[in-house]
Every structure is written in C-alpha cells, then in structure tokens.
Amino acid sequence: MLRDPRLRVPLSTLSRGRRVAPRICAALVWSFVLACAAPSQTFPHAGVEGHVFAGNENSPVRGATVTLEDSRGATRKTAFTDSQGTFGFADIPPGAYTIRVSHADFEVKTLRFDFFGESDVSLNIGLAPKGSGLASASPATIPLWALQIPPKANREYAAGLKTFREGKLKESVPHFLAAVELYPRFATAYAALGASYQGLGDAEAAANAFRTGLDIDGNQPAACLGLGSILRTKKKYAEAELPLLRAAALMPGDWRVWYELGELYFEAGQLPRAEETLGRARQLHQDFPRVFLLLINALALQEKHPETLAAMDDYLKHFPGHTFAAQVRQKREKLREYVRLAASSVPK
C-alpha cells in the first residue's frame, strides 16, 4: 500500500459529492508510478553459447579458453569449456565481435561475427590439432546460417554428436534429422547426418546429406571428405577429386584427406600424384599400413627402385609383424638383387 501522501489524488478533484471506487484510484496511482519508472529500466541482451570440439574427431574439448573481444580488440568476457565442450556468454550488447579459442593441444581458432542481439546465438567451433599448421592467420567470418541456429536445434545436434562418438550411429540419426527439421539451413548437422549414414553403409543417403550441407556452405571439410570418399568408392574419380581437393585446402593437416586422394589417383592410374599425396598422408600419420603399401606400389610401378626400397624399409620398420610383412621382405630382396645386377651390367 502506498504511504507517500503526495501520490494520493484527492477524491474531491475527481468527483463532486461522489466517492470514486478505491480500485480505480489505486490503478491511476500505479499507472503513474510505472510510467515514471519505465525510462530507467534496462533489459538484458541476448547471449552467445557454443560447443568446442576436435575437428578431426568431433569429440568435445574440455578446458579450452574462450575470449570474446569487441571491435577494438578489448576483451569483454572470458569462459572455459566444460566436459561437454560447451561455453556461454550472457547479456551481449549488439556489435562486431571476435571469439578466440585456445587450448594447449590445439591450434588457436579465431572467428569474427556481427551480433544483433535479437536472439541467442549458438556456435559450433572445431579445433585443429597442434602442429597441423591450421592456426588462423586472421579471424574467419562465421557464416550467417551459423549465427541463426536455434538453441533447440543445437541441442539436438549436440545429442547426435554424443551418440555418434559412442558408436551408436543408428541412434544419432534421429537427433541430426530433428536438428535439420528445426533449422533447415543447419549445414554441419547435414554433414554429421551424412557421416552417420556413411557409417551405417547407406552411401546414397550419406551422399544426399553431404550434398545438401555443401549446398548451404561449401566450406565444410568433413562433408567434402565424406562425399569425395563415396564418389571414389563408386569409381567416379573426376567427380570425387573436386570435393577431396576442397577438403585438402580446408584441412591440410588431416591425413585422411591425402589418403583418399592417394587412393583416387592410384586407382585412376595417376601414379606421380598418387606418390605425392600418399607421401603426404604417411608423413602426417604413420599408423595405417595401407598408406605405406599403396606408396610402395605407386613407386614400384614407376620403376623408382631406390625410392621403392626405402618405402619398403619404412613399412617393415613400422609394421614388422603385419599381414603382408613377409611378402614385402621377399619382394625387397628380389628388388635388391635386380638393382645389384642392373648396376653390375652397366659398362664402366
């Protein structure tokens, strides 16, 4: 009940000889008070939430430092990702911002975006492994579609990634489908959906999902790699090369891209290019025997004998007990003898 007598309106000024209903008087007083208070009220702005993951595995990155910088480069807010790789900034005024994500095991990632403050923004940020050479030389601009992902769609996407990482590919599909139904321009959700279908052996559905995602945003390395791999398996080499080369440009530190290109060029008979790309894959990842074996064959078919022998030695050094190790040893001895005889037959 109001106690200040200055806010009371005398009944005589509102009615002559008649009592005005107390409820009407109270309503008039409260209207006056609210009207005076309105100009000084402040309302919270929308916020930014995000999910940080390892770009080559889609696994969450815990303990990453996320800083929000304004257009002058001043740090406005700092957060750390939790066990699910999530972070959040509340009450962000409209403006131009840069997000910087750093972690000891990954390259620094910087992203620039314009924030309008009309609704919350959900971001998905992939980090490249340390030493991959994919550190941002300058901030990349977040595409508009990525700034408009509804939180509910992002939650479905995160749930799908969780089940995907657990190997539950069939269970991940409904989450990704729900995400793209809630937000049809969710490009990365289409890429994840394609990966699930590909793992389940449904190449046609996977290719369609990858293509849809790439139609929205062509700068998706996972979708490029997935689509290129499917097309290569179908022996559509010319069609497969373009998305694979795009994937290599977007993530040159991922050995899987160079391996897929090596497979493509080897199968297509382009041996020098197979040698180059398989060599790159072997340099980046030395735990996959097939890369070594394909490289040996690419060199042997070009009759590069010293290089072939060196590749054989490298394979046997890394995989002495592998299925084909005994066969490679036999062929190495035969090749050594051939090289020795060829050298001895050359006139001095």
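Numbers for the structure displayed
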{"item": "Residue among Gly218, Gly213 that alone is modelled with pLDDT of 95 or more and among the small types (Gly, Ala, Ser)", "result": "Gly213"}
{"item": "Residue check, Ala298 within 27 Å of Tyr265 (Cβ to Cβ), touching a residue at least 12 places away in the same chain (Cβ under 8 Å) and either part of a helix (DSSP H, G or I) or of a type in the set (S, T, N, Q) (or both)", "result": "yes"}
{"item": "Helices (runs of 4 or more DSSP H) contained in the range 142-189 and holding at least 3 residues more than 24 Å from Leu111 (Cα to Cα), touching a residue at least 12 places away in the same chain (Cβ under 8 Å) and not assigned by TED's automatic domain parsing to the domain that holds Ile125", "result": "151-165, 169-182"}
{"item": "Among the residues listed as Ala192, Ala140, Ala207, the single one being under 25 Å from Arg246 (Cβ atoms) and over 16 Å from the mean Cα position of the chain (by Cα)", "result": "Ala207"}
{"item": "Residues that are among the polar types (S, T, N, Q) and surrounded by fewer than 24 Cβ atoms within 10 Å (Cβ to Cβ), drawn from the range 260-298", "result": "Gln270, Gln283, Gln286, Asn297"}
{"item": "Strands (runs of 3 or more DSSP E) within the range 83-125 that include 1 or more residues of a type in the set (A, V, I, L, M)", "result": "95-103, 106-115"}
{"item": "Test set (1) in contact with a Leu (Cβ under 7 Å, 6 or more places away or on another chain); (2) of a type outside the set (A, V, I, L, M, F, W, C); (3) surrounded by 16 or more Cβ atoms within 10 Å (Cβ to Cβ) - Asn219 fails condition number", "result": "(3)"}
{"item": "Matching entry among Gly117, Gly88 (being surrounded by fewer than 20 Cβ atoms within 10 Å (Cβ to Cβ) and modelled with pLDDT of 85 or more)", "result": "Gly88"}
{"item": "Pair list, Cβ under 7 Å, 6 or more apart: the range 216-242 residue touching a residue at least 12 places away in the same chain (Cβ under 8 Å) and assigned to a helix (DSSP H, G or I), other residue of a type in the set (Gly, Ala, Ser) and surrounded by fewer than 21 Cβ atoms within 10 Å (Cβ to Cβ)", "result": "Leu227/Ala207; Ile230/Ala203; Ile230/Ala207; Tyr237/Ala268"}
{"item": "Scope the range 265-280; condition closer than 20 Å to Pro320 by Cα and under 24 Å from the mean Cα position of the chain (by Cα); matching residues", "result": "none"}
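The values are calculated or read from the model by the stated rules, or taken from the named source; none is laboratory data. Quantities reported herein were computed from a predicted structural model and do not represent experimental measurements. Glycine also receives a Cβ, built like all others from the backbone with ideal geometry; neighbour counts cover every protein chain displayed.
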